[in-house]
Amino acid sequence: MGHQTDLFGASDEAPAPAIPARVAIKIEVLREQLNRWAHEYYVQDAPSVPDAEYDRAYAQLQALEDAYPALITPESPTQRVIGAVMPGLASVRHALPMLSIQTETDTEASGAQAFDARVRRELGLHEGDAPVQYVAEPKFDGLAMSLRYEGARLVQAATRGDGEVGEDVTHNIRTIRQIPLQLPADVPALLEVRGEVYMARADFEQLNARQREKGEKTFVNPRNAAAGAVRQLDAGVAAQRPLSFFAYGLGAVTPGEEGGPAWSRHSDLLQQLKTWGFPVSSLVQQARGATELIAYHQRIGAQRDGLPFDIDGVVYKVDSLALQRQLGFKTREPRWAVAHKYPAQEMATRIEAIDIQVGRTGKLTPVARLAPVFVGGVTVTNATLHNLFEIRKKGVRLGDAVIVRRAGDVIPEVVGRLPGPRPAYVPNFRMPAQCPVCASHVVRERGEMNHRCSGGLFCPAQRKQALLHFASRRAMDVEGLGEKLVDQLVDADLVRQLPDLYRLDLPTLAALPRMAEKSAQNLLAALQASKKTTFARFLYSLGIRHVGEATAKDLARHFGKLDALAQASAEDLLQVSDVGPVLAQAVVDFFAEPHNRSVLQQLLACGIAWEAPAADAPQPLAGQTVVLTGTLPSLGREQAKALLEAAGAKVAGSVSAKTHYVIAGAEAGSKLTKAQQLGVKVLDEEGLRALLGMG
Ligand code: IVH
């Protein structure tokens, strides 16, 4: 018998197993189920089944596909990493160009006002006419992406490139589980969805931690990490770099206008994209007129540092698609949209010197003196380099061009070095062998990253920092006792240890250079007022190693009295929630030191006192652990934390099986997911208010 071909063109040479109908159906059911679960998990952040159940179904599908390879389709959930290694990235001409947006760098309200005024003028609106409806969105700091679906299947993903021609990165984009490979059947025959591929901050931190463990290079920021992942040639590598996606618009769509998509507003379109399974940011909002745009810019700006992803501004878009068409385009930008930026949080500058600062615990911190640069809304001239190992890891040296980052109130830091040649031989930075302030030996404990001055309170730098910490707002709150004054007091040898502060008198203070009698009086009054405090504040103010504000509160709550704490053994201390062996030992060591005991006695003799917590204060949440995540509609994070603590709850930073409640607001991320996986009770702000009996 010769070669035969059947009606369907299949050769009989490699007989494929006959496919029972029930297998084909089972495979379809599994795929539908897996896609739905993945959408709940990755897009809605609300998984409905435990991970193990997902894994079981996935394994089942994989086994069936192994047995019947003819049934594998590229849209199957098992086919996200197709293992393709590309020889290079192919060029893609966009069916519709990917536009850029005009950018207002103005940080003031005028950015929104100017845009609204221009839109109204171009639409021929007058003063009495109604405000224009806008949609306000975050400007995600990632990479623009165009996703092309034909017959509801993802067929191509392309970068923006120059706007006309981008690069084909389909193999990598398929690995992003927030991006559907298959859409519902009712989508237009050709659909291009546009949006931003980005890396969430938590994913970025984890990726860098893994890179460090493997001894591989780390990424300077989430944007760079995302860009690198998207342009990988090997999809297997890209799959290891966790990327996310937000949809914000459309490219080419057919059928077009007539009989086509049934939306007339940008906001409806976003809703439709959401229905089709694309992630749309919950921070997107409608806004009426310039006033609401300004309010949005301010509100998102205030939330910026706490968001789970980087943004560099907000985008305003005219909501009505008819008005968008009327406004039209300039060469490469629509007239109906504008980006309103926030001050950049990263800028390039140069390291002019590396100095050493000695902290409260003797830690030596290398500080880069920089050519002044405007970043995060202020001019920065110093940035921390953390420690010797950070300097080595980042490979920075004197004179290098570097990226400096300042986000919110965080201390500016040198993120990394910009590539480029060094002018001449520059020696590697070294830590000094002696403290630059008191000349005591510099030591580094085994396994420690930090170098320390061994001088203790003999070292004026450590003494100054200890005093500043003691007087700080969250500790004893001595108003007016700032850096300059502490310098004077220590340099004149008027204050050697904490209790000396309370022994200062008017003649001594008034005799200090540049000290007016009135300021001296104010300081004495502030010292007097500081004596009435709380046990937790007092504990925190002592600067015991590893005892931060939260730990001080835990210890105060648990032990109630100073004597009880001073006599506690390491085992006793380990009974306190969140206290580990290192912290327990630090507390034991502190109270074992005769010098410290003497300081405590003297402080109490000076009149420092606190009230025992009222036994009848209602503590409905005593013993409960609560985690806050995302942005609550009206309560600030500090406010919510204070309310919870007043009710006796412990506010923790991460979710575990021991967490009692997770309070989730807008853009809650992995903490919420974790809570849902662990079955921890999740509340919104309203639920929190009810829990606190706030009605
Ligand atoms: S709309 C016609 N919306 O900003 C307007 N762009 O210059 C097309 N971007 O690199 C873009 N967030 O990737 C739009 N919510 C958002 C955005 C956004 C970030 C990026 C976009 C492009 C740049 C536009």
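The values are calculated or read from the model by the stated rules, or taken from the named source; none is laboratory data. Just so you know, these numbers come straight off a predicted model, no measurement behind them. Here Cβ is always computed from backbone atoms with ideal geometry, including for glycine, and neighbour counts include all displayed protein chains.
Scanning segment 163-178 for residues that are away from the ligand (no atom under 15 Å from the Cβ) and not in a strand (DSSP E or B), we see that the one that is nearest to SER100 (Cα to Cα) is THR170. Examine segment 582-593 for a residue that is in contact with a Pro (Cβ under 9 Å, 6 or more places away or on another chain) and surrounded by fewer than 19 Cβ atoms within 10 Å (Cβ to Cβ), and state whether such a residue exists. No, the conditions are met nowhere in segment 582-593. Listed by position, the strands (runs of 3 or more DSSP E) inside segment 560-671 whose residues that are in contact with a Ser or Thr (Cβ under 8 Å, 6 or more places away or on another chain) and under 25 Å from MET476 (Cα atoms) number at least 1 are 650-652. Applying the condition of being over 15 Å from TRP336 (Cβ atoms), more than 12 Å from the ligand (Cβ to nearest atom) and not hydroxyl-bearing (Ser, Thr, Tyr) to segment 95-112 and asking which residue is modelled with the highest pLDDT yields ALA95. If you filter segment 31-59 down to residues that are in a helix (DSSP H, G or I) and among the acidic types (Asp, Glu), you find that the one that is nearest to the chain's Cα centre (by Cα) is GLU40.
Set side by side, the residues SER281, SER264 differ, and just one is among the hydroxyl-bearing types (Ser, Thr, Tyr) and closer than 21 Å to VAL119 by Cα, which is SER264. The set of residues in segment 221-243 that are buried (at least 17 other Cβ atoms within 10 Å of the Cβ), in contact (Cβ under 8 Å) with a residue 60 or more places away in the chain and more than 13 Å from the ligand (Cβ to nearest atom) comprises ASN221, PRO222, GLN232, ALA235, ALA238, ALA239, LEU243.
Restricting attention to segment 503-536, the residues that are touching a strand residue (DSSP E or B) at 6+ places or on another chain (Cβ under 8 Å) and of a type in the set (Lys, Arg) total 2. Would you pick out the residues in segment 42-87 that are surrounded by 15 or more Cβ atoms within 10 Å (Cβ to Cβ) and charged (D, E, K, R)? Matches in segment 42-87: ASP45, GLU65, GLU75, ARG80. Residue count for segment 680-695 under the criterion of being part of a loop (DSSP other than H, G, I, E, B), of a type outside the set (Asp, Glu) and under 24 Å from the mean Cα position of the chain (by Cα): the result is 1. Restricting segment 179-202 to residues that are among the acidic types (Asp, Glu) and modelled with pLDDT of 95 or more leaves a set whose member that is nearest to the ligand (Cβ to nearest atom) is GLU196. Scanning segment 249-275 for residues that are in a loop (DSSP other than H, G, I, E, B) and at pLDDT 90 or above gives a single hit, SER264.
Counting only residues that are assigned to a helix (DSSP H, G or I) and among the charged types (D, E, K, R), segment 474-491 holds 4 of them.
Counting only residues that are closer than 26 Å to ARG452 by Cβ, in contact with a helix residue (DSSP H, G or I) (Cβ under 8 Å, 6 or more places away or on another chain) and free of Cβ contacts under 8 Å to residues at least 60 places away in the same chain, segment 410-427 holds 0 of them. Per the listing PRO421, PRO436, the residue uniquely under 28 Å from GLN345 (Cα atoms) and not β-branched (Val, Ile, Thr) is PRO421.
Of the strands (runs of 3 or more DSSP E) that lie entirely inside segment 301-382, those containing 3 or more residues that are away from the ligand (no atom under 16 Å from the Cβ) and either in contact (Cβ under 8 Å) with a residue 24 or more places away in the chain or surrounded by fewer than 18 Cβ atoms within 10 Å (Cβ to Cβ) (or both) span 346-358, 364-375. Among the residues of segment 140-148, is any closer than 23 Å to PRO222 by Cα and of a type in the set (D, E, K, R)? The answer is yes, given that some residue of segment 140-148 is closer than 23 Å to PRO222 by Cα and of a type in the set (D, E, K, R). For residues that are part of a strand (DSSP E or B), more than 30 Å from the chain's Cα centre (by Cα) and of a type outside the set (S, T, N, Q), scanning just segment 144-162, find the one that is farthest from the ligand (Cβ to nearest atom). Going through the qualifying residues, I end up with ARG153.
For segment 637-695, a residue qualifies if it is acidic (Asp, Glu) and modelled with pLDDT of 90 or more, and the qualifying residues are ASP684, GLU685, GLU686. Being buried (at least 17 other Cβ atoms within 10 Å of the Cβ), at pLDDT 90 or above, touching a helix residue (DSSP H, G or I) at 6+ places or on another chain (Cβ under 6 Å) and more than 26 Å from VAL680 (Cβ to Cβ) is a condition met by at least one residue of segment 15-28. Within segment 115-130, is even one residue in contact with a His (Cβ under 9 Å, 6 or more places away or on another chain), free of Cβ contacts under 8 Å to residues at least 60 places away in the same chain and either within 30 Å of GLU192 (Cα to Cα) or away from the ligand (no atom under 16 Å from the Cβ) (or both)? Within segment 115-130, one or more residues are in contact with a His (Cβ under 9 Å, 6 or more places away or on another chain), free of Cβ contacts under 8 Å to residues at least 60 places away in the same chain and either within 30 Å of GLU192 (Cα to Cα) or away from the ligand (no atom under 16 Å from the Cβ) (or both). Candidates in segment 531-559 are the residues that are assigned to a helix (DSSP H, G or I), in contact (Cβ under 8 Å) with a residue 24 or more places away in the chain and of a type in the set (A, V, I, L, M); of these, the one that is nearest to LEU457 (Cα to Cα) is LEU539. ASP141 passes all but one of (1) of a type in the set (D, E, K, R); (2) in contact with a Lys or Arg (Cβ under 6 Å, 6 or more places away or on another chain); (3) more than 16 Å from the ligand (Cβ to nearest atom); which number fails? Evaluating ASP141 over (1) of a type in the set (D, E, K, R); (2) in contact with a Lys or Arg (Cβ under 6 Å, 6 or more places away or on another chain); (3) more than 16 Å from the ligand (Cβ to nearest atom) leaves (3) as the failure. Of all residue pairs spaced 6 or more apart or on separate chains, those with beta-carbon atoms under 8 Å, a first member in segment 16-32 that is under 17 Å from ARG56 (Cα atoms) and a second member that is of a type in the set (D, E, K, R) are ILE27/GLU65; ARG31/GLU75.
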